[in-house]
Amino acid sequence: MSTENNTTTEVQPSAHRDNAREDALNDAQGLSKNEVTAPALGLKGMLRWAWTQLTSMRTALMLLLLLAIAAVPGSIFPQRVQDSFAVQTYIEDNPTLGPVLDFFQMFDVYSSVWFSAIYILLFISLIGCIIPRARKHYQQMISPPPRTPRRLQRLPEYGALELDSEGPDPATALTDAGAVLKKRRYRVDIRRNDDGTGSVGAEKGYLREIGNIVFHVSLVGVLIFVAAGAMFSYRGQKVMIEDEAFVNALVAYDNFYPGTWFQEENLEPFSIRLDSFERAFDRQLFDGEPNPNYGQALDFTADVTIQDGPDAEPEQTELKVNHPLSLGGGAQIYLVGNGYAPVITVRDGDGEVAFSGPVITRPDDPLYTSMAVIKAPDAAPEQLGFVGLFLPTAHDTGDGLAISIDPELGNPELHLNSYAGDLGLDEGVPQNVYVLDTEDLTELNSRDSEAGAITLGIGETHELPDGLGSVEFEEVQDYIAIDIHYNPGTTAILIFALTATAGLITSLFLRRRRAWVTVEQNEHGRTLVTYGLLARGEDFRLRDENIALRTQFEKTWPVRPPEENNES
Amino acid sequence: MNVVAPLSAHLPQINVQLAEYSELFMLISAFIYTLAFILFTVDTVRSSATIRRVEAELSAEQQQERSRQLVGAGTPGHDDDIASASPASASAADLVDDDLAYVGTSRPFANVAVALTAVAAAAHAFAVVSRGVAAARWPLANMFEFLTAAALVVSVVFLVVLIRRDLRFLGIFVIGLVVTMMAGATIGFPTPIGHVQPALQSPWIAIHVTLAVLAMAVFTLTFAMNVLQLVQARRERALNGAPKGGFERGLTKAQFMRLVPSAFSLESWAYRLNAVGFVFWTLGPLITGAIWANESWGRYWGWDPKEVWTFVIWVVYAGYLHARATRGWTGNRAAWLSIIGFICIIINYTVVNMWFPGLHSYAGLPE
Ligand code: HEM
């Protein structure tokens, strides 16, 4: 290290103290490596030290790696944001481990204290890093390129040319060198001495650093709008049977998940009505045989009538997968599921209708083998419940088991077990409508019972044993499941994601280069031009730049053939 | 079967004949890749012979040079000088170039392997494209198609780089990986050609998955380079000082490593490629993935296992880019981060796809 430059040591923002890329420059300019200093005494000193640590590159790197590790458990354990039912099941299945994991928020990883701590620290570090960086870069952009290093030959790329005696004098050569650099889009500063010699300082690629700053600032933007969007958002689900209408009001939702700052007035009063639903399946034959994907779903189309506000005209349109409808000033409606709803009537022991209507069944496989649960709490003398399967195209396998062999309604059948007893609906505990807890009920019909299981085709009625009532399968309707989402943050998130990408590309692929040329007169009275190049950040083409510069110089001036090659 | 009357879908029929050609060409290309892999292996095993040949050529050149000098100097009678010219030992610069330029080391086996790789890639490209044409859709909708397409991109990227840069030292690793991917696709995920479920019928699949495949291909190359970098760095250290232990002693004798560029050169090339891969990963899995998820499922990000790992991989490579700029973290430590990133990619496409359920499972109904 030289001593001559120590007086000019520039104060480096903390973020740069441990940046490997700064080393080359500091080396050429004779600066020391600016090791992180030990904490100064006192509270202020401690705080400053802590801040320096937090905003250092090393800390950023550690926090990034920590963030990556911390995200992993969320893919291993079920998450409440995704499927709270799966979490509940997991805890029930693992009575010892489950609660421990729950205590450590392993089922809410992405809103957990520890995950939040990491990313909040990371973003504080990011802001603490970016502000001084931006300030420093602004300074650099409004001030001339850095002063000329004493020893250009210590730069990574270096060259020297001795001009012919009849060549230009140093002052002209200096002007020419400036012009050459300007043509190569450098910003140029010519420093003349009184005797006509002097140097040129030049720099280009300021955009690279701007890109880097834009990238990091955009990340902050993304985070802010992710958070804000989630606050004001809402999300809900609704199952709609044919001819059913949905009006966007809280009571109409099956499930509703508001953001923290959601208010009921935010719900725009649009409505949507399911007119009909169509499924298309792969029916292609290969050589007369069903193709390997025969029966695969190819298309779902819901014909709906929408009304965007009470005063708007009703309008017929289609709702399809991947093609959400936009209604009510930003709410999006998605087609997320569909299935069959067999229409069933249950009569009780007194002959009264205890239940009548379509029953939502949940498809379990691509053949629409669907779970059906029917609850008739109004039945007398005993409440009645049914659990079983709906098969769109039932086929008897021969051993008494029926399966569905096609997703469309070729031979629709209901296969049910029936139960009598207290369904537990009166206790006020919310129950999953798709689940019937049969533990405390008396089994009436099942494959193992005396009376056998219930098998119903369309239009058929089955009498329950002991005169407890009957169940009738009338017809089949279609239903769809829609999700309604409102998130005011998405557009801003997308914009910041795109500016982040633009900044990233700029910062990764633009080159930031500094060049210096000094012009002197040697002992033979000839003009001697030396130049050096330095990249800030990664630059694999610095040598090419050297060659290009040299070629330009040789075109500009009559150069004496090199007696000794000075190139490093 | 006496099921319902066929419901004619709005999608075009599958072209069965073309689909069969696609399968045939897939097999042919896998076969040719295997041949190329064998030749790359032979080339690697014969490294010492290659080096000996280069040394022989060098010493022949030197002798010629010397005799010319002798003639020019006009001082005959010093024949014993020529005779005593010992065979030159090839320096690192004679064998490889740190800019990965071709330096004229002739490696016939590797050259034939490269030619075979080009032929295989052509057949492979036909197989992938014809599968897409036969089904009238972008051929990237299931694990089989994803893996075979990724293998194609890996070998095409490899070939394209080979035009200007001497990457023959990577051949055994890259083509080895390509063969593994092809075998994995055929054995692990055989999928008959077909249409796709409604959720996958979106133009975003073309952009999203294609960028993911491109990123994966680039990361595959850098993974091989970073692994070699670690080995080369160890060898360089062993050569400079006293080799410690049997492994380092073995490394100093490994002739193949002499045909591999320096650790420093490998590192900077891996970095250049990783930067490209990172941009692909940012745009593909991350951003277009979020856009499509928003279109299809109504949320841009839901921490589905696949999304978790996309994020993890992105953060690890961001960490890698940071490490490259942090004092004390360049070199081998950065290389480890790049390798960990690639391991995460492998986990993402194996463990996560098969064992962690999520919306991204490639079968079933949208629910
Ligand atoms: C949210 C977390 C962060 C992510 C995802 C991230 C990502 C990146 C990426 C991808 C790059 C390489 C592209 C480029 O050169 O512009 C980069 C560079 C950089 N980041 Fe970050 N960063 C994060 C946080 C931080 C923090 C906290 C700091 C400050 C301590 C920081 C300082 C830097 C610096 C100085 C560079 C330029 C390195 C160079 O000289 O090439 N970053 N960052």
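The table that follows gives values for the structure above.
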{"quantity": "Filtered residues of the range A:277-302 (kept if polar (S, T, N, Q), open to solvent by less than 40 Å² (accessible area, probe 1.4 Å) and over 18 Å from A:VAL336 (Cβ atoms))", "calculated": "A:GLN284, A:ASN291, A:ASN293"}
{"quantity": "Among (1) open to solvent by 30 Å² or more (accessible area, probe 1.4 Å); (2) within 16 Å of the ligand (Cβ to nearest atom); (3) touching a residue at least 40 places away in the same chain (Cβ under 8 Å) - the single one A:ALA117 does not satisfy", "calculated": "(3)"}
{"quantity": "Top-ranked residue in the range A:225-245 [being over 23 Å from A:TYR479 (Cα atoms) and open to solvent by 30 Å² or more (accessible area, probe 1.4 Å); ranked as nearest to the chain's Cα centre (by Cα)]", "calculated": "A:VAL226"}
{"quantity": "Filtered residue count, the range A:177-188, keeping only those that are in contact with a helix residue (DSSP H, G or I) (Cβ under 9 Å, 6 or more places away or on another chain), surrounded by fewer than 19 Cβ atoms within 10 Å (Cβ to Cβ) and not in a loop (DSSP other than H, G, I, E, B)", "calculated": "3"}
{"quantity": "Restricting the range A:122-157 to residues that are more than 14 Å from every other protein chain (Cβ to nearest Cβ) and among the aliphatic types (A, V, I, L, M), the residue that is farthest from the ligand (Cβ to nearest atom)", "calculated": "A:LEU152"}
{"quantity": "Test: residue in the range A:393-412 that is in the same structural domain as A:VAL346 (by the TED database), touching a helix residue (DSSP H, G or I) at 6+ places or on another chain (Cβ under 6 Å) and open to solvent by 10 Å² or more (accessible area, probe 1.4 Å)", "calculated": "no"}
{"quantity": "Residue within the range A:333-347 that is at pLDDT 90 or above, buried (at least 19 other Cβ atoms within 10 Å of the Cβ) and over 20 Å from A:GLU244 (Cβ atoms) present", "calculated": "yes"}
{"quantity": "Candidates B:PHE311, B:PHE278, filtered to the one that is within 12 Å of the ligand (Cβ to nearest atom) and under 30 Å from A:LEU325 (Cα atoms)", "calculated": "B:PHE311"}
{"quantity": "Lone unmet requirement of (1) on the phi > 0 side of the Ramachandran plot; (2) more than 16 Å from the ligand (Cβ to nearest atom) for B:GLY328", "calculated": "(2)"}
{"quantity": "Counted residues, the range B:272-308 - those being of a type in the set (Phe, Trp, Tyr) and within 11 Å of B:VAL218 (Cα to Cα)", "calculated": "3"}
{"quantity": "Neighbours by Cβ (under 7 Å, 6+ apart or cross-chain): first from the range A:45-56, within 14 Å of chain B (Cβ to nearest Cβ) and within 11 Å of the ligand (Cβ to nearest atom); second hydroxyl-bearing (Ser, Thr, Tyr) and open to solvent by 20 Å² or more (accessible area, probe 1.4 Å)", "calculated": "A:GLN53/A:THR59; A:THR55/A:SER14; A:SER56/A:SER14"}
{"quantity": "Answer from B:TRP269, B:TRP281, B:TRP309, B:TRP292 - the residue that is in a helix (DSSP H, G or I), at the interface with chain A (Cβ under 7 Å from one of its Cβ atoms) and in contact (Cβ under 8 Å) with a residue 12 or more places away in the chain", "calculated": "B:TRP309"}
{"quantity": "Unmet criterion (only one of (1) under 22 Å from A:ALA535 (Cβ atoms); (2) more than 14 Å from the ligand (Cβ to nearest atom)) for A:VAL109", "calculated": "(1)"}
{"quantity": "Residues of the range B:264-275 classified as more than 16 Å from the ligand (Cβ to nearest atom) and open to solvent by 10 Å² or more (accessible area, probe 1.4 Å), total", "calculated": "2"}
{"quantity": "Test: A:SER449 is surrounded by fewer than 17 Cβ atoms within 10 Å (Cβ to Cβ) and over 19 Å from A:GLY339 (Cβ atoms)", "calculated": "yes"}
{"quantity": "Close pairs (6 angstrom Cβ cut-off, 6 or more residues apart or separate chains): more than 7 Å from chain B (Cβ to nearest Cβ) in the range A:276-296, part of a strand (DSSP E or B) anywhere", "calculated": "A:SER276/A:ASP303; A:PHE277/A:ALA302; A:PHE277/A:ASP478; A:PHE277/A:ILE480; A:GLU278/A:THR301; A:ARG279/A:PHE300; A:GLY295/A:PHE281"}
{"quantity": "Single match in A:PRO144, A:PRO99 (criterion: open to solvent by 30 Å² or more (accessible area, probe 1.4 Å), at pLDDT 90 or above and in contact with a strand residue (DSSP E or B) (Cβ under 7 Å, 6 or more places away or on another chain))", "calculated": "A:PRO144"}
{"quantity": "Among the candidates B:ALA242, B:ALA215, B:ALA199, residue that is out of contact with any Asp or Glu (no Cβ under 8 Å at 6 or more places or on another chain), on the phi < 0 side of the Ramachandran plot, more than 11 Å from chain A (Cβ to nearest Cβ) and open to solvent by less than 40 Å² (accessible area, probe 1.4 Å)", "calculated": "B:ALA215"}
{"quantity": "Check on B:TRP314, within 30 Å of B:ALA199 (Cα to Cα) and surrounded by 24 or more Cβ atoms within 10 Å (Cβ to Cβ)", "calculated": "no"}
{"quantity": "Filter result for A:VAL222 (within 16 Å of the ligand (Cβ to nearest atom), surrounded by fewer than 21 Cβ atoms within 10 Å (Cβ to Cβ), more than 14 Å from chain B (Cβ to nearest Cβ) and part of a helix (DSSP H, G or I))", "calculated": "no"}
{"quantity": "Identity of the residue in the range A:63-79, away from the ligand (no atom under 13 Å from the Cβ), within 18 Å of the chain's Cα centre (by Cα) and not small (Gly, Ala, Ser), that ends up surrounded by the fewest Cβ atoms within 10 Å (Cβ to Cβ)", "calculated": "A:ILE69"}
{"quantity": "Of the criteria (1) within 14 Å of chain B (Cβ to nearest Cβ); (2) away from the ligand (no atom under 16 Å from the Cβ); (3) crowded, with 19+ Cβ neighbours inside 10 Å, which one A:ASN248 fails", "calculated": "(1)"}
{"quantity": "Single condition A:VAL87 does not satisfy, out of (1) within 16 Å of the ligand (Cβ to nearest atom); (2) surrounded by 19 or more Cβ atoms within 10 Å (Cβ to Cβ); (3) more than 8 Å from every other protein chain (Cβ to nearest Cβ)", "calculated": "(1)"}
{"quantity": "One residue from B:VAL129, B:VAL114 being without any contact (Cβ under 8 Å) to a residue 12 or more places away in the chain, within 18 Å of B:VAL157 (Cα to Cα) and not in a loop (DSSP other than H, G, I, E, B)", "calculated": "B:VAL129"}
{"quantity": "Boolean, A:THR361 is within 14 Å of chain B (Cβ to nearest Cβ), at pLDDT 90 or above and over 19 Å from A:HIS462 (Cα atoms)", "calculated": "yes"}
{"quantity": "Residue within the range B:331-345 that is modelled with pLDDT under 90 and buried (at least 21 other Cβ atoms within 10 Å of the Cβ) present", "calculated": "no"}
{"quantity": "Test: residue in the range A:533-555 that is within 15 Å of the ligand (Cβ to nearest atom), open to solvent by 30 Å² or more (accessible area, probe 1.4 Å) and in a helix (DSSP H, G or I)", "calculated": "no"}
{"quantity": "Flag if A:VAL217 is under 29 Å from A:ARG133 (Cα atoms) and away from the ligand (no atom under 16 Å from the Cβ)", "calculated": "no"}
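The values are calculated or read from the model by the stated rules, or taken from the named source; none is laboratory data. Here the structure is a predicted model, which means the values were calculated and not measured. Note that each Cβ is placed from the backbone with ideal geometry, even for glycine, and that neighbours are counted across all protein chains shown. Quick note on the areas: whole protein, heavy atoms, side chains included, nothing else; ligands and nucleic acids left out. Shrake-Rupley method; radii C 1.70, N 1.55, O 1.52, S 1.80 Å.
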